[in-house]
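Reviewing the structure listed below.
The values are calculated or read from the model by the stated rules, or taken from the named source; none is laboratory data. The model shown is predicted, which means the values in this text are computed figures rather than measured ones. Glycine gets a Cβ as well: all are built from the backbone with ideal geometry, and neighbour counts include every protein chain shown. Quick note on the areas: whole protein, heavy atoms, side chains included, nothing else; ligands and nucleic acids left out. Shrake-Rupley method; radii C 1.70, N 1.55, O 1.52, S 1.80 Å.
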Amino acid sequence: MSAPATKPNDTLLWVSLIVFGVVGLSVGKFFRPGPIAEAYVSVTTEVRTLVEEVPAANEAAAKPADGAAAEPVTGSTPPKRIWVDTDDPAIERQLKEGTLKRVPDVAQAVWDVRTPIDNAATAREQMASLENEAEKLSAPTDSTGLTKEEFDQREAARTAALKVVEEKRIVSSPRDSIGIWVGALLTLGILSFLVRDNPFYKVVESILIGVSAAYWMLVAFWSTLVPDLLAKLAPDLVRATMLPGLAQSEDPTQDFLLALIPLGLAIMLLWRLMPKGGWIAVWPLAVVIGTFAGMRLTATIEADFMAQIAAAMEPMAAFTTVPPDEAAIAAAQAAGTAPSPGREFNFGGTLAAILGLIGVVTVLIYFFFSLEHKGVVGKTARVGVWFLMITFGAAFGLTVMGRMTLLIGRFEFLFGDWLNVVK
Amino acid sequence: MAVLFAMWIGASVVMADAVVAAGVTSAAAVAAAPMPPAAEDVLLEDVPEDAGGALSVRWRTPDPSVSAGAVIERRATDAERAKDPNLLWVEVARLGKDAVALQQSAHVLSELSNSEPTRVRVSIIGTDGELSEFVESEPLTPSVTIFSLSRLPLFIVVLVVSMAVLGWVVAARMGASTRIRRIAALEAVDEAVGRATEMGRTVLFVPGIQDMNDIQTIAGITVLGRVAKTAAEYDARLEVPTCRSIVMTAAREAVQSAHLAAGRPETYSEGNINYITDEQFGYVAYLSGQMTREKPAACFYMGAFYAESLVLAENGNSIGAIQIAGTAEPSQLPFFVAACDYTLIGEEFFAASAYLSGERDQLGSIKGQDVGKALAIGSILVGATLLTAGALLPDSVVGGRLGFLGNVIRAFFGG
Amino acid sequence: MLQRTIPMLILSASGLILILAYFSPVTVVWSDTVVGWFNILAGVAFVLGAGNLLAVNLEKISARRPGWAYAAITLASFGAMLVVGLGKWGAVPNPSFPDVHLAGDQDSTQSAYGWVYEYVLSPLTATMFAMLAFYVASAAFRAFRAKNIESILLLGTAFIILLAQVAAGAFLTNWIPEDRWYSFVRAEQLKEIILNVFQTSGMRAILIGIALGTAATSLRLILGIDRSALSKG
């Protein structure tokens, strides 16, 4: 037994791969519009300033008049501090009005956000047009025929426009370019397995295992353990270090106690690592198997067993609705009512309904365990197997195109993003 | 009501005139946005089949054209008043235009107290934002449903299926026949493990790529227990790489138990059962490499599989291993069927552990499953026949009744 | 007792509770709670997986087993990814809390973690997935060589479905009129019939079987008839 696609003639394949590569690269050399594996990003600079709320003056004055508020109005709770974008007009206004004020001695936070641009050619076009525009805007302008006011106005508009253009930065990104190289080599490493198992594949496989194991652990840590376990057990610590936006719970004690249950189960499971008492790990396993067995029992009977039985109950005769015939119209006119539409026997639909019913019943009979597949039962089960094979064939046929699309996607990455031969 | 409404309109006109006379504002502004008519027939109703805590507020909006929304307030509970004695009403909903677009409106309030009666009051918001008078409802306590009646058919079916399985287990204990048809894939297990032993190669068992919360993984682990017992008896090396940490733990438990059961606890080695990675294709990359290098003589794929099914089966094929697959993932069955020597299709996979155990109890439970299938076939045939009668004789009394009965049966199963 | 009876009792009790919980509106939410607990349990269980990964590969390296260098690569990439991901290296600060480093976002390629995801993990998994195109071809080729009625049905159906999805299907059968009794042999109509009549009924029976199998497996576990998953001996 040998699979033709996994063990072809090796020499032939290596030779054809090399020829393919050389031809591809040299063809690309002539037609390539730019360098190999180039990546561009657009960069925006974000600035955030720490501000604090200024307690409203009128509120402070109104409080004592209430009579009820005996405690000092200010000083009991520190004013709320938030990081804001001072370019935001709403924030700008609040700063001007004095309801917000900048916290002194705290430096602004400044960082760049780099957004990758998918298509290198587009990025280059954008870069050129931005450069062009900037050049045009920074050229000195003629003031003849303008009043000073008009000239100043125009200059101000020009400076503002230039600032906008200069803020739009599109730069080539070496780290993303290297990334494309890495991705391409790894892709080739996986594909090389089709020829045979080789050291290149082994390296790539080892990287894949290491990186992916860590990846899923990180996903579990950041998206489950931190918000669902740690945030319940130590909300203040989590808020200070990882989730500053974590909302205050209504009942922290209850959250804490409820989080202890999965924590307890987890500790029992981890107890296997201890030299003694590792058998306790079976307890959480029993909880998992028991609860999910119970849950699936009802869910599957409802969603699969009952729903499918209901769906299989179709009349074994199909009719199509047709416009009312003359007799019906005449009868309706005589009775003074609207004519009821007629119906026509639908042979195809009836055949389909009967075949569908035969399919369900014969396949179910194939699954019977008490009956040996002999005699009538054997023949019926055989029909059931045919139905199964057609079912499987249909699924097989529907999948092929999807897999082809995936492969084409990888080739697009290799020849487009990496080699830059195709667009 | 209409009379009252007319009087109210008249009053507002008079008021408008008075306002104009006082010269405070223009008559047009007030007349364009009169104070909206108050809600009528404010009524609280229990939300059926729930865990309590929810009530539906119904009211009538007399004139949707001048109403822009509604405000619903709830009377403060005892606990709330204990905190703040001045608190009488708590706003629980402020609804937009949609809530009063029709004359009959309803809104469901949740998180209400199940222990004391709730009383609400509703006010209509006018198009100018002015509130109408509040209208109060009668008090009502949300009722708690302990058993959901809409799930009664499900309850009955679960009970019938369970009783069928349990009944056959009891019957098997009392001596009823537990003969079951031969399942070729399971008959081949011994042969496959035996061949691996003879050739001095390993047996590979892949328990799928899902975690222990998938019943297929659980079923796969129970099959692993059986295969491990055979392997322990033959003294074959069984390798179980897993895709999940908990599955690794469960597999170790099952294999260790199997070695104990086979009377060879000393041959159990934890090192043969390892966690690889949670990543589907990382796991497959490992398995593909491992299979070509180690060339296991027998490969078992038992559990939940997705796209990797074909990669595994084709690689196993290229190294000439005997391959036995079992899954209830309908989309992957075609690939296992096409590329493996034996495939356990859906229900066969779930019966595998019981079949391999050879215990009377377990074989009896498999026969119980047949009762379920007979029930399914019977219901489908009866239902379809009744519906056919209904379709063929639409105008006759008999046909109508039969069709109705068919629809009742179909509705019982949720259709 | 502690190792055999109690786990069995725990399993049965939790199973029965979850079955009954489904029928009462008061308790139906318990299944969500249990799923939440399971996710936490699975998250903590990574400690076991990571421990195993470290143990296996370290053993390979220290014993200088064949291929120990690959074990070193696995460990290095595992460790590197874990460190940059936990420390959020190069993460983009959270605009509302730029002073809390761990609140940053590491999805973009600006961060080390995002870069590895984009240029290492996703090309690798996508290529592994794309290789299926070759495997589908070789599986079809083998099924083609097995000459029995089952494989002919499977492959023939697959072929018709494939043909109906591509232009060739329409090209080959478009000359057949659309409204005759024999027009069902047109590729697109044949595909509809196969999917709506044969595949639907086949799948329906498979699903009914799976439901019964699932239910019986659950019952065997909950009632303690099948103890192979847990008990020692």
- Task: Taking C:Ala133 as meeting all but one of (1) in contact with a Pro (Cβ under 9 Å, 6 or more places away or on another chain); (2) facing chain A (nearest Cβ under 8 Å); (3) not basic (Lys, Arg), write down the number of the exception.
- Result: (1)
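For the range B:91-111, enumerate the residues that are in contact with a helix residue (DSSP H, G or I) (Cβ under 8 Å, 6 or more places away or on another chain), open to solvent by less than 60 Å² (accessible area, probe 1.4 Å) and modelled with pLDDT under 90.
B:Val100, B:Ala101, B:Ser105
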- Message: If I filter the range A:268-281 for residues that are facing chain C (nearest Cβ under 10 Å) and under 29 Å from the mean Cα position of the chain (by Cα), do I get at least one hit?
- Response: no
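Residue by residue, here is whether (1) free of Cβ contacts under 8 Å to residues at least 12 places away in the same chain; (2) at the interface with chain C (Cβ under 10 Å from one of its Cβ atoms); (3) crowded, with 23+ Cβ neighbours inside 10 Å holds:
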| site | (1), (2), (3) |
| --- | --- |
| B:Ala352 | no, yes, yes |
| B:Gly372 | no, yes, yes |
| B:Ser379 | no, no, no |
| B:Leu386 | no, no, yes |
| B:Ala389 | no, no, no |
- Message: Which count do you get for residues in the range C:200-224 that are of a type in the set (S, T, N, Q) and surrounded by fewer than 24 Cβ atoms within 10 Å (Cβ to Cβ)?
- Response: 1
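Filter the range C:20-36 down to the residues that are part of a helix (DSSP H, G or I) and either in contact with an Asp or Glu (Cβ under 7 Å, 6 or more places away or on another chain) or crowded, with 22+ Cβ neighbours inside 10 Å (or both), then identify the one that is farthest from the other protein chains (Cβ to nearest Cβ).
Taking the candidates together, the pick is C:Gly36.
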- Query: Quick one: C:Ala69 ticks every box in (1) free of Cβ contacts under 8 Å to residues at least 24 places away in the same chain; (2) more than 27 Å from the chain's Cα centre (by Cα); (3) not in a helix (DSSP H, G or I) bar one, so which box is it?
  - Reply: (3)
- Task: Taking the options A:Thr320, A:Thr350, name whichever one is within 13 Å of another protein chain (Cβ to nearest Cβ), within 30 Å of A:Trp386 (Cβ to Cβ) and open to solvent by 40 Å² or more (accessible area, probe 1.4 Å).
- Result: A:Thr320
- Item | Selection within the range A:192-208 - in contact (Cβ under 8 Å) with a residue 12 or more places away in the chain, within 7 Å of chain C (Cβ to nearest Cβ) and surrounded by fewer than 22 Cβ atoms within 10 Å (Cβ to Cβ) | A:Leu194, A:Val203
- Message: With the requirement that a residue be within 12 Å of chain C (Cβ to nearest Cβ) and open to solvent by less than 70 Å² (accessible area, probe 1.4 Å), what does the range A:402-423 give you?
- Response: A:Gly402, A:Arg403, A:Leu406, A:Leu407, A:Gly409, A:Arg410, A:Phe413, A:Leu414, A:Trp418
- Query: Can you tell me which of C:Leu153, C:Leu124, C:Leu172 is without any contact (Cβ under 8 Å) to a residue 40 or more places away in the chain, within 30 Å of A:Val211 (Cα to Cα) and in a helix (DSSP H, G or I)?
  - Reply: C:Leu124
- Query: (1) outside any helix (DSSP H, G or I); (2) at the interface with another protein chain (Cβ under 7 Å from one of its Cβ atoms): which one isn't true of C:Lys147, the others all being true?
  - Reply: (2)
- Item | Given (1) more than 18 Å from B:Val42 (Cα to Cα); (2) touching a Leu at 6+ places or on another chain (Cβ under 7 Å); (3) not in a loop (DSSP other than H, G, I, E, B), index of the condition B:Gly53 fails | (3)
- Item | Among residues of the range A:234-249, those that are in contact with an Asp or Glu (Cβ under 9 Å, 6 or more places away or on another chain) and either part of a loop (DSSP other than H, G, I, E, B) or facing chain C (nearest Cβ under 7 Å) (or both), counted | 2
- Message: Can you find a residue that is under 24 Å from A:Lys202 (Cα atoms), open to solvent by less than 10 Å² (accessible area, probe 1.4 Å), within 9 Å of chain C (Cβ to nearest Cβ) and in contact with a helix residue (DSSP H, G or I) (Cβ under 7 Å, 6 or more places away or on another chain) anywhere in the range B:333-350?
- Response: no
- Item | Filter result for the condition that a residue is open to solvent by 30 Å² or more (accessible area, probe 1.4 Å) and at the interface with chain A (Cβ under 9 Å from one of its Cβ atoms), over C:Gly90, C:Gly51, C:Gly85 | C:Gly51
- Query: Does the range B:189-218 hold any residues that are buried (at least 24 other Cβ atoms within 10 Å of the Cβ) and polar (S, T, N, Q), and which are they?
  - Reply: B:Gln216, B:Thr217
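Provide a single number: the residues in the range B:56-70 that are among the hydroxyl-bearing types (Ser, Thr, Tyr) and part of a helix (DSSP H, G or I). Break it down stepwise before answering.
Of the range B:56-70, the ones among the hydroxyl-bearing types (Ser, Thr, Tyr) are B:56, B:61, B:65, B:67.
Applying the additional criterion that residues be part of a helix (DSSP H, G or I) yields B:65.
Total meeting the criteria: 1.
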- Query: Which of the residues belonging to the range B:304-332 are more than 9 Å from chain C (Cβ to nearest Cβ) and among the β-branched types (Val, Ile, Thr)?
  - Reply: B:Ile319, B:Ile322, B:Ile324, B:Thr327
